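Novice: Can you keep this structure in mind? I'll have questions shortly.
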Amino acid sequence: MPTITSLHCSSETMECSSVSKSPMKKARFSNASIATKKKRKAFVSSTDFCTIQPHLYGVLPSGNRLFDQAAAESKDFSSPNQLLSDECWYNALEYCDGASLARVGQSCKYFYVVSHEPSLWRDLVLRINQVITKAGPTWKDCYVGMQNQKHFVLHKPLRVRGIYSDYLHRLHACRSFSIPQQWLEQNDSENLNNALIDRVHYKSMTIERFEREYEAKNRPVVIQGGCKSWRAFKRWTDQDYLLQKTNGRTFRATSGTAPLSANFTFQAYQEYCRSESLEEGPVYLFDRTALQPRSVLWKDYMLDLQRDCPYWDPERTDTTHDLFKVLGEGRRPDHTWLICGPRRSGSVFHIDPNATHAWNATIVGRKRWIFYPPGVTPPGVMPSDDGDEVTLPLSLGEWLLQFYDEHVKRLTNAPLDKRPIEFTAFPGDVVFVPHGYWHLVINLDETNIAVTHNYCSGSNLSSVLKFIRERNDQVSGCRDRPESIKPEHLYDEFVDELKKKYPKLIDEALQNDAWACDAWRDKVVEVGENENNGLNIVGAEQLGSKSIMTNAKEDAAFTFGFSL
Amino acid sequence: MDAEEPPITLVSKDGESFTVARKVAVMSELVKSTITDNEDEDESVTPEIPLPNVKSQVLQKVIEFCEHHLSDPMNEIEKPLKSKSMADVVQKWYADFVDLEQVLLFELILAANYMDIKPLLDLTCATVASMIKGKTPEEIRATFNITNDFTPEEEAQVRDENKWCESS
């Protein structure tokens, strides 16, 4: 039965007793809840992300050293971390080739542990720069498999004792963060972190309603069941089907924490997802060619989309949807992606390129979404003074552990127009991402597959035009294909073609000179008590984060183009 | 070169002062952020930055590196190292610069990390990797004077698993 559910965070319920696995956390009870036996509501907080998985190689946080009598008593013992910090040893090992890593790992327990950091082996594999046909249970196995088949022995992690390191344990905590049970369940009213998202059943959503309530107002919405009847929904859960239809092609997968992209066969990538190899920022498949118009996979969803979500039908002539189509398929910027990733993969905060809107169809696996409205900088995100660059943790785990609590404050305290939104998208749901919204997405299941389209319609045309015109260096999706219109010509060509097919629309849009959307206005609206945006420390380097350049990179499937 | 910009004085752990051009000093992100925090200070006074973690001998080498880097920037060192000889992976001046005794090299790494000077950190860390490359586990232990703390069973398992690199 079609229903609308708008969820609002109750600001009265400030009780914050968290369902925590940590024995140190005290539960706080209000008299009211004891008296009335109300079911206690719980906010997810950063302690819920504390991993319950032990470190694969036995590393423990440094405080544990105090309990180790043997370590306290030993005198003649000489360990490398007395010479250099863990981080410095890690930096040094980044320059080692595979054989060196394997040998140094045999010299002592400390080096054994550090040399098995998954990202070291991942980077070695990526630098070989060959197609990965066998993912291996771990990146080390993948690497060894590519080297020497003769002596291949599967890596069996050894849990050693006596290695205490906050640095190494933190890496582990970030890559194996716990996924709260509340995120996986459908009971919105119980889950207070699910705030402010409209959920509308697809049968209740007409073109007129979508354009009026959501596009025109630039508000996000979840179209429940929007892709549930798609052929893709039924077929793509079958891994063999996808394997067959992708026909031996290779796919590029990237990660914010990886120096290069990886190329996988589809089979190897499926293997990779299943292995749950646990690295910080798993490589995430973002493919723009699998869904070419008229291809089998395209037909698996486009025909049904046209029926179930007519507001997103690019072939309709009675809407202004998908205006970039006037440029023709090869020449227009990238706009269609097949997204596939393992558990804990996803995207850190970004704004979609070229001021476009997007829809994202959850085909396989659940996703956790966090939105921040245009112009409201999320916690942990730091724009540079000139707004050209943004610094933020490149791993989801790092953001969750460090900034989620600040985010919960915003969920509960921020004024409504600046309040973030958080919810889970379930298979069958299609999410509308309005232009200019910051968003972060976390994949929750073993394999997660989605289709996403970015588009320009009448509702964001003036933003798109202004963006292309004034932030031309941040325009993306057209630099690394020979047939696409180059950024410097994009504006003129787009305007020319629009004049031919949508003369009234383009005239109106051109009259509007100011930014309609807060995302790109010079003045950034800051929310929150803390001036440093929830940060107590100065300097991005202490966060272990790096800058994301807003210029397009050659080997990225798409870039995050944003400025503040 | 901006003659107006005042130099900066860096003070080592042992109290020795080193006055360097601003351009040189701000190669250290630590120094740079310390200065920008105090930008409203009187410009005629040379800012003094205490570096209590860095000994004079080491600080001198750091400054030497930074001054040279400004005139002849270090090439990016490719990962993984192609050769165990630093002269094969970076310009001669830099290869010679890190031809040091181990103790000083390690102190330089710690200083580069503390002062947040990426090229110096990269160079010194790569040097350590070059000291590992091509050595057996036993030779690596000897190089860094570390104890083999594996149990015999652990050692055997790890060795068996890594036979693949022995044929190279």
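Novice: Considering only region A:268-288, state which residues are farther than 13 Å from A:T447 by Cβ and either out of contact with any strand residue (DSSP E or B) (no Cβ under 9 Å at 6 or more places or on another chain) or assigned to a helix (DSSP H, G or I) (or both).
Specialist: A:A268, A:L278, A:E279, A:E280
Novice: Specify which of the listed residues (A:G328, A:G346) is in contact with a helix residue (DSSP H, G or I) (Cβ under 7 Å, 6 or more places away or on another chain) and at pLDDT below 95. Step through it out loud before you land on a result.
Specialist: Values: A:G328 fails: in contact with a helix residue (DSSP H, G or I) (Cβ under 7 Å, 6 or more places away or on another chain).
Every option except A:G346 fails the conditions.
Novice: Now for a separate question. Since B:E67 meets every condition but one in (1) at pLDDT 95 or above; (2) in contact with a strand residue (DSSP E or B) (Cβ under 8 Å, 6 or more places away or on another chain); (3) buried (at least 17 other Cβ atoms within 10 Å of the Cβ), which condition does it not meet?
Specialist: Status for B:E67: all satisfied but (3).
Novice: OK, next. Return yes when A:R344 is free of Cβ contacts under 8 Å to residues at least 12 places away in the same chain, part of a loop (DSSP other than H, G, I, E, B) and within 26 Å of A:T447 (Cα to Cα) and no when it is not. Before the answer, list the steps.
Specialist: Details: free of Cβ contacts under 8 Å to residues at least 12 places away in the same chain: no; part of a loop (DSSP other than H, G, I, E, B): yes; within 26 Å of A:T447 (Cα to Cα): yes.
So A:R344 fails the test.
Novice: Counting just the residues of region A:110-121 that are under 28 Å from the mean Cα position of the chain (by Cα) and among the hydrophobic types (A, V, I, L, M, F, W, C), which one comes out surrounded by the fewest Cβ atoms within 10 Å (Cβ to Cβ)? Quick ask: steps written out before the conclusion?
Specialist: Step one: filter region A:110-121 for residues under 28 Å from the mean Cα position of the chain (by Cα), giving A:114-121.
Pick out the ones that are also among the hydrophobic types (A, V, I, L, M, F, W, C) and you get A:114, A:120-121.
Working: A:V114: 25, A:L120: 23, A:W121: 25.
Checking each candidate, the answer is A:L120.
Novice: Next up: Spot the failing condition for A:N448; the list is (1) free of Cβ contacts under 8 Å to residues at least 12 places away in the same chain; (2) not in a loop (DSSP other than H, G, I, E, B), and only one is missed.
Specialist: A:N448 satisfies all of (1) free of Cβ contacts under 8 Å to residues at least 12 places away in the same chain; (2) not in a loop (DSSP other than H, G, I, E, B) except (1).
Novice: If you don't mind, another one. Taking the conditions exactly as written (buried (at least 19 other Cβ atoms within 10 Å of the Cβ) and within 25 Å of A:S459 (Cβ to Cβ)), does A:D308 satisfy them or not? Let's see the steps before the verdict.
Specialist: On the way: buried (at least 19 other Cβ atoms within 10 Å of the Cβ): yes; within 25 Å of A:S459 (Cβ to Cβ): yes.
Answer is yes for this residue.
Novice: A further question on this structure: Only one residue in A:S107, A:S85 is at pLDDT 50 or above, polar (S, T, N, Q) and surrounded by 19 or more Cβ atoms within 10 Å (Cβ to Cβ), so which one is that? Spell out how you get there, then give the answer.
Specialist: Numbers: A:S85 fails: surrounded by 19 or more Cβ atoms within 10 Å (Cβ to Cβ).
Being at pLDDT 50 or above, polar (S, T, N, Q) and surrounded by 19 or more Cβ atoms within 10 Å (Cβ to Cβ) holds for just one of A:S107, A:S85, which is A:S107.
Novice: Inspect region B:119-133 for any residue being more than 15 Å from the chain's Cα centre (by Cα) and either facing another protein chain (nearest Cβ under 8 Å) or buried (at least 21 other Cβ atoms within 10 Å of the Cβ) (or both) and give the result as yes or no.
Specialist: Kept after step one, since they are more than 15 Å from the chain's Cα centre (by Cα), are these residues of region B:119-133: B:132-133.
Imposing the further condition that a residue be either facing another protein chain (nearest Cβ under 8 Å) or buried (at least 21 other Cβ atoms within 10 Å of the Cβ) (or both) reduces the set to B:132-133.
Yes: one or more hits.
Novice: How many residues are more than 29 Å from the chain's Cα centre (by Cα) and either on the phi > 0 side of the Ramachandran plot or of a type in the set (V, I, T) (or both) when one looks only at region A:140-181?
Specialist: Final tally of qualifying residues: 5.
Novice: Run down A:V153, A:V160 and say which single residue is over 27 Å from A:F67 (Cα atoms), within 10 Å of another protein chain (Cβ to nearest Cβ) and among the β-branched types (V, I, T). Quick ask: steps written out before the conclusion?
Specialist: Values: A:V160 fails: over 27 Å from A:F67 (Cα atoms).
Every option except A:V153 fails the conditions.
Novice: Residue check, B:N145 against (1) within 7 Å of another protein chain (Cβ to nearest Cβ); (2) within 20 Å of the chain's Cα centre (by Cα); (3) not acidic (D, E), all met but one. Which one?
Specialist: (2)
Novice: Within the group A:A253, A:A195, which residue is surrounded by 20 or more Cβ atoms within 10 Å (Cβ to Cβ) and at pLDDT below 90?
Specialist: Details: A:A253 fails: at pLDDT below 90.
None of the others qualify; the one that does is A:A195.
Novice: Just checking, which of B:L105, B:L100 is more than 9 Å from every other protein chain (Cβ to nearest Cβ), in a loop (DSSP other than H, G, I, E, B) and on the phi < 0 side of the Ramachandran plot?
Specialist: On the way: B:L105 fails: in a loop (DSSP other than H, G, I, E, B).
Of the residues listed, the single one that is more than 9 Å from every other protein chain (Cβ to nearest Cβ), in a loop (DSSP other than H, G, I, E, B) and on the phi < 0 side of the Ramachandran plot is B:L100.
Novice: Still on this model: Go through region B:71-100 and report how many residues are more than 16 Å from the chain's Cα centre (by Cα) and farther than 22 Å from A:L93 by Cβ.
Specialist: Number of matching residues: 3.
Novice: Considering only region B:84-111, how many residues are within 16 Å of B:S56 (Cβ to Cβ) and in contact (Cβ under 8 Å) with a residue 40 or more places away in the chain?
Specialist: Looking only at region B:84-111, we keep the residues that are within 16 Å of B:S56 (Cβ to Cβ), and these are B:100, B:103-104, B:107-108, B:110-111.
Remaining after also requiring in contact (Cβ under 8 Å) with a residue 40 or more places away in the chain: B:104, B:107-108, B:110-111.
Within region B:84-111, residues that are within 16 Å of B:S56 (Cβ to Cβ) and in contact (Cβ under 8 Å) with a residue 40 or more places away in the chain number 5.
Novice: From the set of residues in region B:73-87 that are more than 10 Å from chain A (Cβ to nearest Cβ), in a loop (DSSP other than H, G, I, E, B) and of a type outside the set (D, E), which is surrounded by the most Cβ atoms within 10 Å (Cβ to Cβ)?
Specialist: Pass one, region B:73-87, residues more than 10 Å from chain A (Cβ to nearest Cβ): B:73-76, B:83, B:85-87.
Still in the running and in a loop (DSSP other than H, G, I, E, B): B:73-76, B:83, B:85.
Within this subset, residues satisfying the condition of being of a type outside the set (D, E) are B:73-75, B:83, B:85.
Working: B:P73: 10, B:M74: 17, B:N75: 11, B:S83: 11, B:S85: 11.
Here the answer is B:M74.
Novice: From B:E139, B:E153, B:E64, which residue is touching a helix residue (DSSP H, G or I) at 6+ places or on another chain (Cβ under 9 Å) and within 13 Å of another protein chain (Cβ to nearest Cβ)? Write out each step before concluding.
Specialist: Numbers: B:E153 fails: touching a helix residue (DSSP H, G or I) at 6+ places or on another chain (Cβ under 9 Å); B:E64 fails: within 13 Å of another protein chain (Cβ to nearest Cβ).
Being touching a helix residue (DSSP H, G or I) at 6+ places or on another chain (Cβ under 9 Å) and within 13 Å of another protein chain (Cβ to nearest Cβ) holds for just one of B:E139, B:E153, B:E64, which is B:E139.
Novice: For A:L154, are the conditions met, namely being surrounded by 19 or more Cβ atoms within 10 Å (Cβ to Cβ) and hydrophobic (A, V, I, L, M, F, W, C)? Don't jump to the end; show me each part of the working.
Specialist: Details: surrounded by 19 or more Cβ atoms within 10 Å (Cβ to Cβ): no; hydrophobic (A, V, I, L, M, F, W, C): yes.
Against the criterion (surrounded by 19 or more Cβ atoms within 10 Å (Cβ to Cβ) and hydrophobic (A, V, I, L, M, F, W, C)), A:L154 does not qualify.
Novice: Something else about it: It is to be established whether one or more residues within region A:237-249 are in a loop (DSSP other than H, G, I, E, B) and touching a Pro at 6+ places or on another chain (Cβ under 7 Å).
Specialist: Just the residues of region A:237-249 that are in a loop (DSSP other than H, G, I, E, B), to begin with: A:237-238, A:246-249.
Applying the additional criterion that residues be touching a Pro at 6+ places or on another chain (Cβ under 7 Å) yields none.
Scanning region A:237-249, I find no residue that is in a loop (DSSP other than H, G, I, E, B) and touching a Pro at 6+ places or on another chain (Cβ under 7 Å), so the answer is no.
Novice: Here's another thing I want to ask about it. Tell me which of these B:K55 doesn't satisfy, since it passes every other one: (1) within 14 Å of chain A (Cβ to nearest Cβ); (2) of a type in the set (D, E, K, R); (3) touching a residue at least 12 places away in the same chain (Cβ under 8 Å).
Specialist: Answer for B:K55: the failing condition is (1).
Novice: Let me ask something else. Could you grab me the full set of residues in region A:131-148 that are more than 9 Å from every other protein chain (Cβ to nearest Cβ), without any contact (Cβ under 8 Å) to a residue 24 or more places away in the chain and in contact with a helix residue (DSSP H, G or I) (Cβ under 9 Å, 6 or more places away or on another chain)?
Specialist: Correct list: A:D141, A:C142, A:M146.
Novice: Out of all the residues in region A:439-454, which are under 29 Å from A:T51 (Cα atoms) and surrounded by fewer than 22 Cβ atoms within 10 Å (Cβ to Cβ)?
Specialist: First pass over region A:439-454, keeping only residues under 29 Å from A:T51 (Cα atoms): A:439-450.
Answer for region A:439-454, where residues must be under 29 Å from A:T51 (Cα atoms) and surrounded by fewer than 22 Cβ atoms within 10 Å (Cβ to Cβ): A:L444, A:D445, A:E446, A:T447.
Novice: Now, a different point. Which of the residues belonging to region B:88-115 are over 22 Å from A:G98 (Cβ atoms), among the charged types (D, E, K, R) and surrounded by fewer than 15 Cβ atoms within 10 Å (Cβ to Cβ)?
Specialist: Those that are over 22 Å from A:G98 (Cβ atoms), among the charged types (D, E, K, R) and surrounded by fewer than 15 Cβ atoms within 10 Å (Cβ to Cβ): B:K92, B:D96, B:D99, B:E101.
Novice: In region A:46-130, which helices (runs of 4 or more DSSP H) lie fully inside it and hold 1 or more residues that are more than 9 Å from chain B (Cβ to nearest Cβ) and touching a residue at least 12 places away in the same chain (Cβ under 8 Å)?
Specialist: Working: elements: A:69-73, A:86-93, A:98-104, A:109-115, A:118-128.
In region A:46-130, the matching helices (runs of 4 or more DSSP H) lie at A:69-73, A:86-93, A:109-115, A:118-128.
Novice: Next up: Hey, B:Y114 hits all of (1) outside any loop (DSSP other than H, G, I, E, B); (2) facing another protein chain (nearest Cβ under 8 Å) but one; which does it fall short on?
Specialist: B:Y114 satisfies every listed condition except (2).
Novice: So, one more: Can you say whether A:V464 is outside any helix (DSSP H, G or I) and modelled with pLDDT of 90 or more, as far as the supplied structure shows? Let's see the steps before the verdict.
Specialist: Working: outside any helix (DSSP H, G or I): no; modelled with pLDDT of 90 or more: yes.
Against the criterion (outside any helix (DSSP H, G or I) and modelled with pLDDT of 90 or more), A:V464 does not qualify.
Novice: Can you find a residue that is on the phi > 0 side of the Ramachandran plot, of a type in the set (S, T, N, Q) and touching a residue at least 60 places away in the same chain (Cβ under 8 Å) anywhere in region A:206-227? Don't jump to the end; show me each part of the working.
Specialist: Going through region A:206-227, the residues on the phi > 0 side of the Ramachandran plot turn out to be A:218, A:225.
If we keep only those that are of a type in the set (S, T, N, Q) too, we end up with A:218.
If we keep only those that are touching a residue at least 60 places away in the same chain (Cβ under 8 Å) too, we end up with A:218.
Yes, that holds for at least one residue.
Novice: Looking only at region A:390-434, which residues are within 30 Å of A:Y301 (Cα to Cα) and touching a Pro at 6+ places or on another chain (Cβ under 8 Å)?
Specialist: Of all residues in region A:390-434, those within 30 Å of A:Y301 (Cα to Cα) come to A:396, A:421-434.
A:I421, A:V431, A:F432, A:V433, A:P434 - these are the residues of region A:390-434 that are within 30 Å of A:Y301 (Cα to Cα) and touching a Pro at 6+ places or on another chain (Cβ under 8 Å).
The values are calculated or read from the model by the stated rules, or taken from the named source; none is laboratory data. Computed from a predicted model, the values in this text were never measured in an experiment. Cβ atoms come from the backbone with ideal geometry, glycine included; neighbour counts cover every protein chain shown.
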